[in-house]
Amino acid sequence: MALSEIEEFERLLFDWEDGTLDTTGIGRLRDLLRQNPEVRQRYVERQVFGAVLRLDADAGISAATTGLSETAAVCSPERLHETLTLTGTIDDKSDGITTLHDSGNVVEGWNRRHTGILLGAAASILLCVALGRWLVVESRLKSAVQNRVLAGTGQLEKQEATSVGIALVTRLVDVTWQESEKQFMVGDPLPAGVVGLESGVAQIEFFCGATVILEGPARLMLESSTVARLQSGRLRAQVPPAARGFQVHVDQLKVVDLGTEFGIEVNEGQADVHVFDGEVELHQPNGEQRLVVAGNAVTHAASGVLETSKLTPDKFLGLEGLDDRVRNQKQSRYERWLEHSMELRKDPRVITYYSMEQDRYWKRKLASSVIPGNRDLDGAIVGAKRVVGRWPQKSGIEFKRPGDRVRVNIPGQFGSLTFACWVKIDSLDRWYNSLFLTDSYQRGEPHWQILDTGQLFFSVRLGEGRGKGHHKVLSPPFWNASMSGRWLHLATTYDVETKTTTHFLNGEKLHEERIPDELFVEQTRFGKATIGNWSSPTRPEADFAIRNLNGSMDEFVLFHGALTNHEIRNLFVQGSP
Amino acid sequence: MSDTEQTEFFVQQLAECQGRLFGYIYSMLGEHSRAMDVVQETNLVLWRKKEDFREGAPFVPWALGIARFQVLAHVRDQGRDRCLLDSELVAALSLQTEQQVDQLESMRIALRQCMSDLPREKIEMIHLRYYRSMPIAEIAKAMGRRTDAVKVALLRLRRVLADCMQRRMLEG
């Protein structure tokens, strides 16, 4: 009687765990394990489940909802790491030595035992540093879960943002970066270091409140949130009263702002300082100070001589001038995208394509852009609103409420696939946040979505049964709250030749994973599916089916065939707002 | 790869497989604090043997192989009185368990969802049993309920959660 033996086994195991099983019972338990393979299977399942429970029962949800003490809840190594990282008991000292100071926990225990053996070895430091790095990833994962539950969110992120950045990149026009220096995107925080422009214009806002427009070719060394050093090129600074005291250094010369607008140009050791409004103080290397008031300009020669010169405000691009250039750039980027999009519509590999370009705002139909046209591929917008897309010239679709979605029906059978879309995520509210989900999730049907942990998720359904359902390919977390409201390009390829799934963010490979042979499906299909949510009318738990994205989508394309890394990169480049 | 890079890579692999090591060892020993001890011992051995690890070879099977030896040593030292599994059963169950812990991360995601659906009282019960390793009798006392009632409730709860987890793992 296999069933009753399983039942008996469950009870015996439970008592054994509780420490209340007698010798006869233990003997019986061992016999059952020896004799019955089903019992062995159940044992493995139960024990691994028990391990998962102990590792993860405290993932933030339970403690937050019950109000039980977190400290008692800690028993997984990850959890301990996380706790230590969050509470700041793991310090990454600036001299590169990482120390742990907390008591009664695994991490330290582990570390202590090791340092006994590896005493003085640099390896132990490295070990801690590497562990620490891993912990940050782990704790980000967990904190995403906690943010969902706890009211006080994003504390960790706020701390990180201020510690890494002293300024923000707010606008970039036609920028090419100096090859030796880092590249940035609009919205990126800037740490201390060099911003090197080969050409183009960057608007940088310092956390103190000063705004700098840097015209390439130029090199600006950011030293702190109130001090920058212009190594070469031209900048214009606008400094509101709140940011008074902002300084730009050129060699030994310090230009200290007293609430104003000024320009500096550095050329072969010579610095020209132009004051357009208010006044600035020049601190010379010899200790002398000189006040320069609005409407005046001075030249500081390489020799150290300071002379009055002619004011040329037009030479320095101001905020208004930049506005025009931004508008022009937007128009030309939009046109570049449009041209690319027109080609894409004719690509024979495109299964379906929603450019969201030609639609009118009031229409509830999402027209397929594929050429030759096929009206059957048009999607139906349910609930979701039309909003401005990447450019004011075109629309996007916003998913906000639990019911918002776009319904599509895609016939046919395929092999390799590529998914790509532009998406602006406001927040990840659901366990699963849909990009594209097939309705019933039968054999060969893909699911493409984002977990609340910020991980991109792709799977193709294989079949029913334990461990046989599908193989999930999860990227590392790519999203956090600081990226909220930014347009991102996401893509995933499913290559049946190499049995590989690859995730991409903004044209760069995020993660690649080979699918085990036993979980691999060669033939793919879609049928009825939903963009931005999940429609599963047969599912009894209606609450689970809420997978609406909280954010907007602008352009969605599905190919048969796996695009190359280069092609994905091109989709990103041609579509960048 | 330089030595530093190699060490760094090794540590990263080691850190990443902590969950699976714990999963395997806990499954074999069934008792939390002893499992933690063996995890520590295994980490130590892995660290000492890191020169043996061939670059490019899969890390997890190698680490689990060493964990198996550590479990067997522990079972041998502690004897039948303290361990449920003897070395024969450890050998018989290892392969299956190693396969099962491969899915540990997906299981964690799935279980997380199942846990969030539970009412407060049930979460509390899980909390006492699995975080604090409190004996059933004490949980019953703390909750003002009868021991056998708590036992039945916990058994059922564990089954419900395990089923829910399996179900969610099948869902995309």
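Throughout, read-outs are computed from the coordinates displayed, never taken from laboratory work. Please read all numbers here as calculations on a predicted model, not as lab measurements. Here Cβ is always computed from backbone atoms with ideal geometry, including for glycine, and neighbour counts include all displayed protein chains.
Per residue of A:16-28, other chain Cβ atoms within 10 Å of the residue Cβ number 3 on average.
Derived value for the range A:328-575: Kirkwood hydrodynamic radius 18.0 Å. Basis is the mean of 1/r over every pair of different alpha-carbon atoms. From the largest down, chain B spans 59, 43, 27 angstrom on the principal axes of its Cα atoms. Cα-based values for the range A:412-497, radius of gyration first and Dmax second, are 13.7, 40 Å. Which whole-number percent of Cα pairs in the range B:56-151 have a distance greater than 22 Å? Of all Cα-Cα distances in the range B:56-151, 56 percent exceed 22 Å. For the range B:62-129 versus the range B:24-45, the spacing of their alpha-carbon centroids is 9 Å.
Past the 19 angstrom mark, what percentage of all C-alpha to C-alpha distances in the range B:3-101 do you count? For the range B:3-101, the share of Cα pairs beyond 19 Å comes to 39 percent. When the trypsin sites (Lys or Arg not before Pro) in the range A:173-256 are filtered for DSSP coil states and for at most 15 other beta-carbon atoms within 10 Å of their beta-carbon, the remaining sites are A:Lys182. Based on the reciprocal of the average 1/r between different C-alpha atoms, the Kirkwood radius for the range A:261-408 equals 20.3 Å. Here is the P(r) of the range A:165-317: all C-alpha pair distances, binned every 5 Å from 0, give 2, 10, 21, 25, 21, 13, 6, 2 in whole percents. Distance from the C-alpha centroid of the range B:140-170 to that of the range A:426-489: 30 Å, rounded to the whole angstrom.
Computed from phi, the 3J(HN,Hα) profile of the range B:88-97 under the Karplus parametrisation 6.51, -1.76, 1.60 (θ = phi - 60°) reads 5, 5, 4, 5, 5, 9, 4, 4, 4, 5 Hz, with x in place of Gly and Pro.
Here, the range A:2-56 has an Rg and a Dmax of 11.2, 33 Å when only alpha carbons are counted. Axis angle, to the nearest 10 degrees, between helix B:147-170 and the longest C-alpha principal axis of chain B: 50 degrees.
In the range A:323-430, which chymotrypsin sites (Phe, Trp or Tyr not before Pro) fall in coil by DSSP and have 13 or fewer other Cβ atoms within 10 Å?
A:Tyr361, A:Trp362
Looking at the range B:69-172, the trypsin sites (Lys or Arg not before Pro) that sit in a DSSP loop and have at most 12 other Cβ atoms within 10 Å of their own Cβ are B:Arg82, B:Arg146. About the centre of its Cα atoms, the range A:2-56 shows a dipole size close to 220 debye [charges on the beta carbon of Lys, Arg (+1) and Asp, Glu (-1) only; nearest 20 debye].
In the structure displayed, which of A:Lys330/A:Lys394; A:Lys385/A:Lys424; A:Lys330/A:Lys424; A:Lys472/B:Lys49; A:Lys472/A:Lys509 lie more than 21 Å apart, Cα to Cα? The answer is A:Lys472/B:Lys49.
According to the calculation over all Cα-Cα pairs in the range A:197-254, the P(r) per 5 Å bin from zero is 5, 20, 32, 25, 14, 3, 0 %.
Bridgeable aspartates and glutamates around A:Lys499 (alpha carbons under 18 Å apart, same-chain partners fewer than 8 residues away excluded): A:Glu445, A:Glu512, A:Glu513, A:Asp517, A:Glu518, A:Glu522. On average, how many beta carbons from a partner chain sit within 10 Å of the beta carbon of a residue in B:30-40? Shielding by partners across B:30-40 averages 3.
Largest first, the extents of the alpha carbon coordinates of the range B:105-170 on the three principal axes equal 37, 19, 18 Å. For the range A:486-537, the average shadow cast by the Cα convex hull is 5.3 nm², which is a quarter of the hull's surface. Taking chain B as a whole, the Cys residues whose C-beta sits 4.7 Å or farther from every other Cys C-beta are B:Cys17, B:Cys83. Listed by chain and number, the lysines placed with their C-alpha closer than 18 angstrom to that of A:Lys528 are A:Lys365; residues fewer than eight positions away on the same chain are left out.
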